[in-house]
Amino acid sequence: MAAASSCAELAGRNKPDNTAFTQQRLPAWQPLLSAGTALPLFFCAGLACLALGLGLHFSSATIQRFAGPVCLYYQLSNYYQNHRRYGVSRDDRQLSGDASGLSSPATECSPFRTDPQGLPIAPCGAIANSLFNDTFTLYHLANGTFHPVPLDNRGISWWTDSNIKFSNPELVNGSLEAAFKGTAKPLNWPQAAYMLDTGNPNNTGFINEDFIVWMRTAALPTFRKLYRRVREGNFSSGLPQGTYCLDITYNYPVLSFQGTKKVIFSTVSWMGGKNPFLGIVYLVFGSACILTGFVMLAVHIKFQKQNQMDVE
Amino acid sequence: MEFSINQEIWLRLWSIWCAGEEKRVGTRTVFVGHRPVSETDAYVEQKFCDNRIVSSKYTVWNFLPKNLFEQFRRIANFYFLIIFLVQVIVDTPTSPVTSGLPLFFVIIVTAIKQGYEDWLRHRADKEVNKSSVFIVENAKQVKKHSEKIKVGDIVEVKADETFPCDLIFLASSNDDGTCYVTTASLDGESNFKTHYAVRDTTGLRTDNDIDSLTATIECEQPQPDLYKFVGRINVYRSNQEPVARSLGPENLLLKGSTLKNTKTIYGVAVYTGMETKMALNYQGKSQKRSAVEKSINAFLIVYLCILVSKATVCTTLKYIWQNNPFNDEPWYNQKTKKEKETFKILRMFTDFLSFMVLFNFIIPVSMYVTVEMQKFLGSFFIAWDKEMYDEEIKEGALVNTSDLNEELGQVEYVFTDKTGTLTENSMKFIECCIDGHKYKGGISEVDGFSHTDGPLKYYGKAEKCREELFLRALCLCHTVQIKEGDNVDGLIVNQERSTYISSSPDEIALVKGAKKYGFTFLGHEADFMKVQNQKNEIEKYQLLHVLNFDPVRRRMSVIVKTSTGKFLLFCKGADSSIFPRVQQDEIHQTKVHVERNAMDGYRTLCVAFKELTQEDYKKMNEQLSEAKMALQDREEKMARIFDDIETDMHLIGATAVEDRLQEHAAETIEALQTAGMKVWVLTGDKMETAKSTCYASRLFQTNTELLELTTKAMGDSDRKEDRLHELLLEYHKKLVQDFPKNSGKLKRSWTVSQEYGLIIDGSTLSLILNPSQDSSSSNYKSIFLQICLKCTAVLCCRMAPLQKAQIVRMVKNTKGNPITLSIGDGANDVSMILEAHVGIGIKGKEGRQAARNSDYAVPRFKHLRKLLLAHGHLYYVRIAHLVQYFFYKNLCFILPQFLYQFFCGFSQQPLYDAAYLTMYNICFTSLPILAYSLLEQHINIETLTSDPRLYMKISDNAMLQWKPFLYWTFLGAFEGLVFFFGVYFLFQNSSLEDNGKVFGNWTFGTIVFTILVFTVTLKLALDTRFWTWMNHLVIWGSLAFYVFFSFFWGGIIWPFLKQQRMYFVFAHMVTSLSTWLAIVLLIFISLFPEILLVVFKNAKRKNHQTVPFSLPMLLSYKPMENGYISEMKIEDAVTNFTQRCHLRIPQMQQL
């Protein structure tokens, strides 16, 4: 290191700077985790964890009683949304409504990039192509008749996704259909993207929330996705006890890859859906802390006694 | 006739061509001024290299390819290049940017640094090459660029100019044909050296005269040795036989040295450009590599194995998993056309490469950068250290290489020179003895010159004439020069203004000593030496011959002619080299004195003289002149002649010069020994002197049992080898065989029941290392080595420079390859400084050669203590921690990504976003560890310096052994498992927000990554014992930066990204309370074992602290007062020593 030596020489020519930094004497805090400081820490942390664990456990347990708004999820298993080939098979530019993305989708989308006629697919890619298309309708038996329970499909996706990340191509003459002209529907879809929710222009095309939820690929092969929420009318504070009927339009094939489908009704608490994991781990970790605290206390006292004996 | 001339030309051409082939052998012929010698002899233009100095490595054109080639020769860079190329070629999960960016950053920074350094070299070269010089051509001076000088050109150099190439000195403006030169920039010796012109050319003082010179110079091909040169000049005069004169180093003016006190000189260029001695010496030192670097490479291989096995496991499992057609290609995830078409084998191979790329972050490219930065920046602290600054020479420590900082903390053997290293090398004349009578001066300066019966204290008195002879000998037998003050006339030397200059401080002490007794050396005047005697008369002696001191002969002689026409030879030298050459009956009395002085630790020299008859001198003069003409082996030939002359001399007396121990030398040695280092003293000095120095510097304690392997112990010359064998076996039995076996475990403990010291001298060593063929003693060496390694201290005296290096190499190559350190101050220590793992130079009085060739240079020996115990210790701990931490943090970085493959169908899906993958090592976790590795003081510097035993804690590369490495690896693996499975179980229900919305795979990765960044940073925070504001800044700053960056990265739709994976992922993550709770909990769980360990360790340490550790220090200081002296039984020594010891003990207690 020539530079080092030249600098060193430079420093050598004159007396070295007598600063705290050059002399490695910067004022410093030198903490030492001794038993004295660690013991209260352990007990406090342990108690805090236990308290949190109890709280978590309790709130996780209350979820079963369907108090509060109920969410309707569908769950798939053995479904690899996190497969790399699957995960990259999308075109975010296209989904943001970009015109060039619409006419020439990204190469990653293949083999779902163009239809056999060579028309670009919108939305392209394997993820969009495999959009979950079972539908559920819930009926509540009241007064001897089944009344449909209103299922709210608004706000099931991330706000930033449905408002910024995903947007439809610019309307041509006020028509979304015209905007999609020159593109083909995904091969597996029964209808084009602009027909996803014909009744609601704010929920059709790329900004259809079911579509957006599906496009957020899951982390693990067994995953659930939010389908609807029950938060209107009589059901805003939960599903009252009674008889319900769920009408399922069975479209989505899962047996071919040995997968399963499930429908899940669940309320959510401040900690999200039911998940006993956090509560249990907090409880275990809290007890472990307190236990080691006691062990250390014993060791500490023993050492101190020994020291006293040594001194005497 | 014609034929023979042709033949001659052919031969010459042949020899020139050959010279090009093998440069260092043979001779070259230089035509002065390019003039052919005679008309018959055709002048052949010879090809020598031009005078351009090229120290730069690159040119504008070859910089890019050459620099890149050199950088990619480093195995790490090459590895990352391969990874990058794989990413470019193969369809891999991460974009080439992730590994390309860091790699190109590193490459570009290194290239810029090297390019800048090379530009500086170019500039310096240009400055040298374009500087103007004056060349005499056709009796006129021509101004030229220095690079245009050709061999054979006559160059004029003026005062205070540096010589542009190696010149043969032809003539100077001084009448006597001398000039003064300082070689400060070559070897650091700042004294003026006299160089002599050849007698036949001294008269050529003008351009015209010098142009008339017709001469050829034959000299050896360029050699790097600055102090050797043999050549011959043939001066042709019209109608006369050519005169041949010998040329030696005193006729050669070296490039790089500076002309002083002389108006102008003429010289003829003999070596130019890259063939000058300076350029030949410039060639860089061999690179030393530290033990830590070797450990890094070993760990690297382990991680490479982990990487390959991870990739193999994943590839295998992938194909097993895919065997099931449901998994291979479900309807929702069909393969691309390309994928279907590729062969299975090829697919498997690319899959393997993809996995390699996915996991390649486990081998951190940034570690090399950080290690380099740590070393580079860290070395400044050594240079900056105020405590290693010496007021006297106004200089601090010098760092020549920063690659070995941590090696300073691993030293097991210290090899130290004695003179100038342990001792001051500022000599003081103490006493002398003349004919066995002791003269000791409590001399006070009296006005005028003291007379023999003046203030001197006599212990008996020698004859007056002997006294004077002795003092004259001191005044004449030396190579001291007088550096005159500014306004000094030639004759009258003002005492205040003139100083003696010599390459040897002993000589100055002797000349000064003689002055105290009334004989003053007044300097040279042409061939004459002037001496002012006790009666204030000036005596003149013609100096005929000088044979300089050299370490082999260990003596020097001068031959002078007195004004009365007598020829006298004075010789001074070590007793062992003088005694055999003088009348045996004269020895006894002086010998007693010499031995006594030696035991006092003084350096003794004996002085002898001889009167030569006219005939003797004549004969000798002829022989000497002949020898001086010789081109080869001149020194040996001259030495042989002098050997013949220096016989049957008369011993006059002996001198004793004190070389004081350096301040705190003893404490330093003791500290080093307490720190578990073995200190060996390697000196050229004689045994007695060295031994007493060793006692004084507490290398040998009073209870140390000394084993001697010296010529003295060996006795008779006939049975030498047998006796040596016997001794070796005896010592071996004592130390190795009878030694309790369990001592092997306590390799470096400070409590050894019996300490042994070994003394060996040079001749015995060469007997051991190079045994004669017939003897069955080839195993001498191993026996000797075993003995050496058992001894706590070893003293090797009478060592030649190469023997010093030999010893170092011997120890270096023993089992376990202990780390060696050599420290010395003189040119004779350079070989051992270069040989040892760490070479330390003392910026001493014997020039700068040692300091230049060393890795570190310090002003004093005592600075070694702080350098090793504090700096070395800290650097080692810092870098070891740095290395371990880097491997650890990358293991727990990549392990979750590996585990994730089991849940994504082995599809090489990265867990973390590309930005996180790239930034993790560059931004999020790099600065805290860099700050730690620069500032950490796990034990503060004062404690480290005052308690040397702490040094043993890190001995044998303790922090980079497999055990700590495994600990860190397990820690990393544990944390990786906690990160992944913690979040995995959390994601069993992925609706973690209170509104039931779900998280996807990028949130999963981001949660893991957040826990990871916080855990590894907090782990470092737990390890930090020394929290300066900088640590706070970088640790909390890094975490804050991570959070800030994550918001920023997820807050914008980046137009250059194909997929907006991270869009608002982080922001959504932090709105979920459960995620917060999970992150905090998982960080705690990951750190829990570490916290437990720290607490228990501290509890244990606290418990141990009650044992006072000052005890052993006191114990080892105690026996100094009476021990050594009782052995010596010499009263002078007693008083002398007790005084010194008393002085030293209070100093020590202050420590």
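Each value in this text was obtained by applying a stated rule to the coordinates, not by laboratory testing. Source: prediction; values computed, not measured. Cβ coordinates were reconstructed from backbone atoms using ideal geometry, including for glycine residues, and neighbour counts include every protein chain displayed.
Quick look at the numbers
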| quantity | calculated |
| --- | --- |
| Order of B:T564, B:T202 - criterion: other Cβ atoms within 10 Å of each residue's Cβ, fewest first | B:T564, B:T202 |
| Exercise: per-residue mean of other protein chain Cβ atoms within 10 Å, A:273-283 | 5 |
| Proximal lysines to A:K302, defined as alpha-carbon separation beneath 24 angstrom and excluding residues fewer than eight positions away on the same chain | B:K1097, B:K1100, B:K1102 |
| Exposure proxy order (Cβ contacts within 10 Å, fewest to most) of B:R199, B:R1025 | B:R199, B:R1025 |
| Beta bridges per DSSP with both ends in the protein assembly as shown, % antiparallel, nearest 5 | 80 percent |
| Shielding by partners, peptide B:331-343 (average Cβ within 10 angstrom, other chains) | 6 |
| Per-selection Kirkwood Rh - the stretch A:20-98 (Cα, Å, 1 d.p.) | 20.1 Å |
| Members of B:K712/B:K734; B:K47/B:K143; B:K440/B:K691; B:K228/B:K862; B:K997/B:K1019; B:K66/B:K815 lying beyond 30 Å, as alpha-carbon distances in this model show | B:K228/B:K862; B:K997/B:K1019; B:K66/B:K815 |
| Student exercise, chain A dipole from Lys, Arg, Asp, Glu Cβ charges, in Debye to nearest 20 | 520 debye |
| Compactness index (Cα Rg / 2.2 N^0.38 Å), the stretch B:246-405 | 2.07 |
| Between the stretch A:59-107 and the stretch A:24-45, the Cα center-to-center distance that results, in Å | 46 Å |
| Most to least packed among B:533-539, B:950-956 [average Cβ atoms within 10 Å] | B:950-956, B:533-539 |
| Orientation-averaged projected area, Cα convex hull of the stretch A:64-267 (nm²) | 12.5 nm² |
| Relative contact order %, chain A, counting alpha carbon pairs below 8 Å whose residues are six or more apart | 33 percent |
| By average C-beta atoms within 10 angstrom, highest first, the peptides B:508-516, B:649-657 | B:649-657, B:508-516 |
| The stretch B:1006-1078 and the stretch A:229-261: distance between their alpha carbon centers, rounded to Å | 38 Å |
| Inter-chain shielding of B:1041-1053 (mean C-beta neighbours from other protein chains, 10 Å cut-off) | 1 |
| For the protein assembly as shown, calculated [θ]222 nm from helices alone, where every DSSP H run of n ≥ 4 adds -39500 (n - 2.57) | -13500 deg cm²/dmol |
| Convex hull (Cα only) mean projected area of the protein assembly as shown, reported in nm² to one decimal | 73.9 nm² |
| Protection proxy ranking of B:1041-1050, B:880-889 - average other beta-carbon atoms within 10 Å, highest first | B:880-889, B:1041-1050 |
| Ranking of B:L605, A:L52 by count of other Cβ atoms within 10 Å, fewest first | A:L52, B:L605 |
